[in-house]
Amino acid sequence: MLESVRRILLIVLSCFNINTSVEMPIMYIDIPKIGVYEEIYDKTSVNNDIDKHVIIMKESSYPGEGSNVIIGAHSGSGPLAYFKDLDKLEIGDQIIIDYQDNKYVYVVNNIHKDDKNGRIKIKENDSLTLFTCYPGDKNNYLIISTSLQVKFV
């Protein structure tokens, strides 16, 4: 539905000669347990910047491509700390990605600490990996791994 609304909005704006070059997010992440609902821009966008938004890694797949979707954001206490409560997630919690008029529901199945060495260990296909700095330890990542439960159209 998001993509349909975006297309209709662009058509209406162009009818009134309104500049439609404003970039729109390509997906949204919804983590109900911790109150996160944020926009995500395309991997190639200048807005795909961890110092501005939740990001999708350039090496990531997009939902529905049969591989791993890798999303990150700051933790901490500032206004950009979108994942400040990520450590409150538990096995079985849901994370929803709204992408191209589809909702992809992922279920948390692994939570672990990983060295912050520029690499994130990815194991599963059709999955979502969230990462942020480990609370109180800037030398490690907090990694949340999930598996795709169901896709809603």
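Since every read-out is calculated from the coordinates, none of them should be taken as a lab result. All values reported here derive from a predicted model rather than from experimental measurement. Cβ atoms come from the backbone with ideal geometry, glycine included; neighbour counts cover every protein chain shown.
About its Cα centre, how strong a charge dipole does the chain have in debye, to the nearest 20, once Lys and Arg get +1 and Asp and Glu get -1 at the Cβ? Mind dumping the intermediate values first?
Details: 16 positive and 21 negative charges, 29 e Å.
Roughly 140 debye for the chain.
Describe numerically, in nm with one decimal, the distance between label points set 7 Å from Cα along Cα→Cβ at R7 and at E23.
2.3 nm
How about region 1-102: which GluC sites (Glu not before Pro) there lie in a loop by DSSP and see at most 12 other Cβ atoms within 10 Å?
Values: sites: E3, E23, E38, E39, E59, E65, E90; in loops: E23, E59, E65, E90.
Passing sites in region 1-102 are E23, E59, E65, E90.
Modelling each spin label as a point 7 Å along the Cα-to-Cβ direction, I'd like the S147/E39 distance in nm, to one decimal.
3.5 nm
Just to be sure I understand the model, the point goes 7 Å from the Cα along the line to the Cβ. What's the resulting C15 to D30 distance in nm?
Inter-label distance under the simple model: 2.8 nm.
For V36, list long-range residues whose amide hydrogen, built 1.01 Å from N in the peptide plane, is under 5 Å from its own amide hydrogen.
Those lying under 5 Å, H to H, from V36 are I31.
Please list, by residue number, every one of the trypsin sites (Lys or Arg not before Pro) in region 27-97 that is coil in DSSP and has at most 10 other beta-carbon atoms within 10 Å.
Details: sites: K33, K43, K52, K58, K84, K88; in loops: K43, K52, K58, K84.
Passing both the DSSP loop test and the Cβ count: K58.
Can you tell me the Rg and the Dmax, both Å, for the Cα atoms in the chain?
Computed over the Cα atoms of the chain, radius of gyration and Dmax are 16.1, 52 Å.
Got a sec to turn the phi values of region 134-141 into Karplus ³J(HN,Hα) couplings, 6.51 cos²θ - 1.76 cosθ + 1.60 with θ = phi - 60°, whole Hz, x for Gly and Pro?
5, x, x, 8, 5, 8, 9, 9
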